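Peer 1: Input: one structure, supplied below.
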Amino acid sequence: MGRVMVIYVSIHHGNTERVAKVIAKVLGATLAKPSEVSVETLSEYDLMGFGSGVYYGRHHKSLLDLVDKLPDMRGKRAFIFSTSGLRRIPFIHDFSKQLRKKLEERGFEIIGEFSCRGFTTHWPFNLIGGINKGRSNEEDLKRAEAFAREMRNRFRRSRACRLWLVAMGSSM
Ligand SMILES: Cc1cc2nc3c(=O)[nH]c(=O)nc-3n(C[C@H](O)[C@H](O)[C@H](O)COP(=O)(O)O)c2cc1C
């Protein structure tokens, strides 16, 4: 498979970092934080994963800001991941919406999305000692591993399909 980069932010309890590491391992990806990424070199990668904890209903600002700075990424694939205190509720708590929109604006083809719960002691949950204790846990990381394998398969299929279309076009 081509070159893969996984970019993540994990500031609260390291919940997303565990997920990012598992995904990067399966995909043989370079793992980086937004501050470590140079926008110019990113176009050398064929598949990119973007993930963070959910903070005030969206991915971390530094991740969103990085995507804003990217050049035209048409022809590149991306996937999204997150950990959050609460689950996604369409229209009310749709925490991937902003990142998804920004990636699409840059021209990425989004091939999948992963989310699981993460331990949080953010207000008001600190009053009861936090929620989702121990998560992201073994089970979440197994799901993240399966997700990464699926991303690899989808990437290969989508690339094979594009190569076939190019070959068909040039033989006509
Ligand atoms: C400042 C702050 C804001 C948060 N806002 C939300 C939120 O809007 N929705 C949610 O489901 N969880 C929220 N959380 C919980 C985190 O998304 C959750 O704990 C996540 O797993 C943190 O990931 P991390 O440990 O990788 O930073 C918030 C946590 C913090 C610290």
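Peer 1: Give the long-range amide H neighbours of residue 6: residues separated by 5 or more places, or on another chain, with amide H under 5 Å away, using H modelled in the peptide plane at 1.01 Å from N.
Peer 2: Those lying under 5 Å, H to H, from residue 6 are 30, 31, 32, 49.
Peer 1: Can you work out D for region 4-170 in µm² s⁻¹ from Stokes-Einstein, where Rh is the Kirkwood radius over C-alpha pairs, the temperature is 4 °C and the viscosity is 1.567 mPa s?
Peer 2: Values: Rh = 16.4 Å.
Reported coefficient: 79 µm²/s.
Peer 1: List the lysines whose alpha-carbon lies under 29 Å from that of residue 102, not counting same-chain residues fewer than 8 positions away?
Peer 2: Straight-line reach from residue 102, under 29 Å: 21, 25, 33, 61, 69, 76, 142.
Peer 1: Within the chain, what's the longest stretch lacking chymotrypsin sites (Phe, Trp or Tyr not before Pro) that sit in DSSP loops with no more than 13 other Cβ atoms inside 10 Å? It would help to have the intermediate numbers written out before the result.
Peer 2: Numbers: sites that count: 56, 91.
Longest stretch, sites excluded: 92-172.
Peer 1: Need the C-alpha centroid separation for region 16-37 versus region 120-166, integer Å.
Peer 2: So the separation of the two Cα centres works out to 12 Å.
Peer 1: Further, regarding this structure: Given R₀ = 41 Å, what would the calculated FRET efficiency be for residue 127 paired with residue 69, taking r from the Cβ atoms and rounding to 0.05?
Peer 2: On the way: r = 38 Å, r/R0 = 0.94.
Working from the Cβ atoms, E equals 0.60.
Peer 1: DSSP loop (so not H, G, I, E, B), at most 10 other Cβ within 10 Å: list which GluC sites (Glu not before Pro) in region 1-86 pass both filters. Don't skip to the end; give the middle numbers.
Peer 2: Details: sites: 17, 36, 40, 44; in loops: 44.
In loop regions of region 1-86 (DSSP not H, G, I, E or B), the sparsely surrounded GluC sites (Glu not before Pro) are 44.
Peer 1: What residues of region 111-130 lie in the reach of a label at residue 156, counting those whose backbone N is under 20 Å from a point 7 Å from the Cα along Cα→Cβ?
Peer 2: 111-113
Peer 1: Next up: Setting aside same-chain residues fewer than 8 positions from residue 101, which aspartates and glutamates have a Cα under 18 Å from its Cα?
Peer 2: Partners within reach: 65, 68, 72, 109, 113.
Rule-based calculations on the coordinates, nothing more; no lab input. The structure presented is a predicted model; accordingly, all values stated were derived computationally and were not measured. Reconstructed Cβ throughout: ideal geometry from the backbone, glycine too, with neighbour counts over all protein chains shown.
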